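Just below is one structure, and these are the notes that go with it.
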Amino acid sequence: MAEDQHHAGELLALAIAATEIEPAFLRSLRYQFTLGKPWDIGHELLIWNHAAVEYGSNAVVLDAEAQQHYRDHLATLLTRQPELAVPLYWHVRQQLAHTFTLDYADALCFLGALAGINADERLEAAERYLKQYILATHQQAQHRGLLFNGQLLLERQGNRSRRHNDYFSSLWAITQQRLGNNAPRPDWLDHGAANAFLTHPIDLKRVQLIQYGERFYLGTPKALQSLQVPGFAFQPYVLAEVETDQDLVIAEYEGETTDHYLSNDGYLQWAVTGKSRILHIGGQRLVVEALTRPEWAGGFSCSANGWEKPAIQPTGEDEYGVYFDLVLPQPFPERSRREHLTQRFRYIPPQTFLMGSPFSEPGSYLYETQHKVTLTLGYWLADTTVTQAFWAAVMGVNPSHFQGSQRPVEKISWDDTQVFLQKLQQHWQLLDVRLPLEAEWECACRAGTTSAFSFGGKDDLNTEKVNYFGKWNEQDNERKGETKPVKSYSPNGWGLYEMHGNIWEWCQDEWQGDLGSESVTLSPFPSGIGIEVREPPKGQQRQRVLRGGSWGYAGKLCRSAYRRRFMPDDRRFNLGFRLALGHPSSGQEQAGSKHGQARYGVAPDRDGSQTAVGRAGQWLKSAFNKLTGK
């Protein structure tokens with residue numbers, strides 16, 4: 001019996017667009033639609049005997065509360081089975097054409113909105129009729145029949161219809177004005193539409209939903225200003241704005257509904273992570289999706305322009321500073337279950353350094369003009385080049401000439417690196433995995449030094465420190481040398497291995513023969529990481545930069561300042577690369593090296609607004625204080 005009543009209720013929902021449900025109309029729906037299984041005459045009888053039927057000599061007419069219920073039920077039903085919406089609209093359009101004009105117009109507007117009908121002349125005429133009827137109700141105060149039918153029209157609307165049609169807000173205001181009522185405004189009301197018909201429209205307050213740091217906040221602009229940190233501009237990201245006369249906020253979270261009251265000086269707040277919330281305020285329904293924090297992320301950040309990438313959570317710290325271990329994600333089918341592939345990254349903070357070499361440096365070239373470079377944002381750089389094990393796990397093949405899982409992968413073109421990066425980006429979608437810029441590479445190679453090598457000058461170079469040909473001016477034309485496994489030589493002062501020699505390393509930049517002597521500031525583009533690159537000489541547009549020297553090259557070519565170029569499709573057994581990670585948060589400035597070289601604590605954005613980095617920022621500031629003795 002309960003199952004039959006439920007199935008009869010679904011038939012009643014299909015018929016609810018009609019104010020008076022006549023037997024012929026109900027039977028036509030029973031024959032036309034099934035909803036899983038057919039209806040029979042017994043289901044019709046259950047509808048005629050429904051407890052909410054007010055009178056039913058010739059038709060089924062439900063009370064206002066039941067009409068609202070079944071209209072909302074139909075909206076839910078068509079959300080689950082959207083393929084029914086359009087056929088139902090056209091069926092009702094044909095079957096009810098003979099009925100009272102107001103009821104017919106209401107039925108078409110109700111179902112047309114649910115079905116998403118846009119190009120139907122009869123629906124357009126129905127919408128015009130409803131608006132004209134409401135206006136006539138306002139203008140013809142002596143006509144009580146207009147007001148009475150208008151009340152019935154408003155009472156039978158479901159929540160969806162009321163929220164999506166501002167003319168129902170106008171009708172509510174007209175009935176209140178005509179009847180002299182002073183009822184509280186319902187939460188579905190469009191206040192602008194209602195105020196146009198009220199003699200004494202009430203003042204509305206503006207409420208904003210914002211994201212600031214790692215939390216969502218809901219309150220008036222005045223109340224939200226209290227979040228401002230002295231000395232920093234307050235530029236939150238505004239997600240939504242609502243005008244309302246009510247203090248009530250109804251929140252839905254994890255299946256429970258709670259009421260909150262919002263004062264002019266207070267605000268509601270919750271974390272951006274967790275589960276989604278639905279807020280009802282001022283007739284608006286706000287769905288606030290929660291964010292899922294990746295395992296590598298320490299926190300989320302947001303500026304006035306919107307979401308920024310999550311801040312990286314460092315793995316730990318050692319004598320070189322903080323580091324971040326990025327573990328190769330599953331599923332890479334070529335990855336051995338016994339092999340734990342991890343790439344360590346070192347943080348390089350924003351700073352100013354001298355790029356290039358002075359003319360007095362032995363081995364200096366004309367295209368190494370020394371100039372000052374300012375990096376406005378920090379970045380993370382891999383402590384080694386990409387190994388053959390790492391490459392093979394991602395790409396499924398190992399193209400290297402000198403085989404060895406811990407040797408650097410070689411015979412890799414610049415174009416190949418881009419395919420590799422795309423594959424990694426599929427697994428770390430919120431993490432900017434990329435090649436370093438040329439300036440970033442040299443800054444990291446120098447590790448705060450100005451000498452030819454991070455460990456000294458020409459006289460300090462030997463094969464115990466660098467894998468090169470062993471001579472200052474000559475290279476290995478007979479190819480007697482070979483690559484060495486990563487970490488075969490001591491790291492530089494910032495914990496980076498084999499920045500000199502072993503393998504040439506691709507950079508992101510196109511080649512520029514003359515970098516000039518003027519100071520340069522490198523900043524990110526809005527869409528990602530990059531610099532304003534001057535137009536390269538004609539015919540060299542596609543050549544890409546390499547750095548670091550190689551096992552078969554002269555010692556002078558392994559200097560920090562030396563620059564080399566190849567076409568992006570070149571593959572040689574001395575070409576490899578190392579990874580860089582982009583700038584997930586411009587406020588994420590990290591602790592420094594054991595030498596105390598220019599490293600900074602948590603910093604404001606370039607525009608002066610504070611960037612929230614959550615636990616990562618607090619952890620790093622603590623590390624900075626320990627290292628500097630503060």
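The values are calculated or read from the model by the stated rules, or taken from the named source; none is laboratory data. Small disclaimer: the values here were computed from a predicted structure and weren't measured. For neighbour counting, all protein chains shown are included, and Cβ atoms are generated from backbone atoms with ideal geometry for every residue, glycine included. Side chains are part of the model used for accessible areas, which takes the heavy atoms of the whole protein and leaves out ligands, DNA and RNA. Shrake-Rupley method; radii C 1.70, N 1.55, O 1.52, S 1.80 Å.
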Looking for something in contact with a Phe, Trp or Tyr (Cβ under 9 Å, 6 or more places away or on another chain), surrounded by fewer than 17 Cβ atoms within 10 Å (Cβ to Cβ) and more than 23 Å from SER161 (Cα to Cα) - is there at least one such residue anywhere in segment 48-55? no
Quickly run through segment 342-369 and pick out the residues that are aliphatic (A, V, I, L, M) and touching a helix residue (DSSP H, G or I) at 6+ places or on another chain (Cβ under 9 Å). ILE348, LEU354, MET355
For segment 215-229, does any single residue satisfy the condition of being out of contact with any Gly (no Cβ under 9 Å at 6 or more places or on another chain), at pLDDT below 75 and buried (at least 17 other Cβ atoms within 10 Å of the Cβ)? no
Please verify whether segment 487-507 includes one or more residues that are free of Cβ contacts under 8 Å to residues at least 24 places away in the same chain, within 16 Å of PHE577 (Cα to Cα) and open to solvent by 40 Å² or more (accessible area, probe 1.4 Å). no
Name the one entry in TYR133, TYR129, TYR217 that is of a type in the set (Phe, Trp, Tyr) and assigned by the TED database to the domain that holds ILE250. TYR217
Taking segment 56-65 and the residues there that are under 16 Å from ALA24 (Cβ atoms) and modelled with pLDDT of 85 or more, the one that is surrounded by the most Cβ atoms within 10 Å (Cβ to Cβ) would be VAL60
Checking GLN235 against (1) crowded, with 16+ Cβ neighbours inside 10 Å; (2) in a strand (DSSP E or B); (3) not hydroxyl-bearing (Ser, Thr, Tyr), which single condition isn't satisfied? (2)
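Here's the yes/no breakdown for (1) outside the structural domain of PHE577 (by the TED database); (2) modelled with pLDDT of 90 or more; (3) of a type in the set (A, V, I, L, M, F, W, C); (4) under 30 Å from LEU291 (Cβ atoms):
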| position | (1), (2), (3), (4) |
| --- | --- |
| SER303 | yes, no, no, yes |
| LYS309 | yes, no, no, yes |
| PRO329 | no, no, no, yes |
| TYR347 | no, yes, no, yes |
| SER364 | no, yes, no, no |
| TYR367 | no, yes, no, no |
| ASN398 | no, yes, no, no |
| GLN406 | no, yes, no, no |
What number of residues in segment 11-45 are open to solvent by less than 50 Å² (accessible area, probe 1.4 Å) and either outside any helix (DSSP H, G or I) or more than 20 Å from PRO87 (Cα to Cα) (or both)? 11
Find all pairs meeting these conditions: Cβ atoms under 8 angstrom apart; at least six residues apart or on different chains; first residue within segment 245-261 and of a type in the set (S, T, N, Q); second residue assigned to a strand (DSSP E or B). GLN246/ILE281; THR257/ILE250; THR257/ALA251; THR258/ILE250; THR258/ALA251
Considering only segment 245-289, state which residues are at negative phi, assigned to a loop (DSSP other than H, G, I, E, B) and open to solvent by 30 Å² or more (accessible area, probe 1.4 Å). ASP245, GLN246, ASP247, SER263, ASN264, ASP265, THR273, LYS275, SER276, GLU289
From the list GLN140, GLN157, GLN132, which one is at pLDDT 80 or above, within 14 Å of ALA105 (Cβ to Cβ), open to solvent by 30 Å² or more (accessible area, probe 1.4 Å) and not charged (D, E, K, R)? GLN132
Consider ALA64 carefully, then state whether it is more than 24 Å from ILE117 (Cα to Cα), small (Gly, Ala, Ser) and touching a residue at least 12 places away in the same chain (Cβ under 8 Å). yes
(1) surrounded by fewer than 19 Cβ atoms within 10 Å (Cβ to Cβ); (2) in contact with a Cys (Cβ under 7 Å, 6 or more places away or on another chain): which one isn't true of ASP514, the others all being true? (2)
Of (1) touching a Lys or Arg at 6+ places or on another chain (Cβ under 9 Å); (2) within 28 Å of GLN5 (Cα to Cα); (3) open to solvent by 40 Å² or more (accessible area, probe 1.4 Å), LEU108 satisfies all except one. Which? (3)
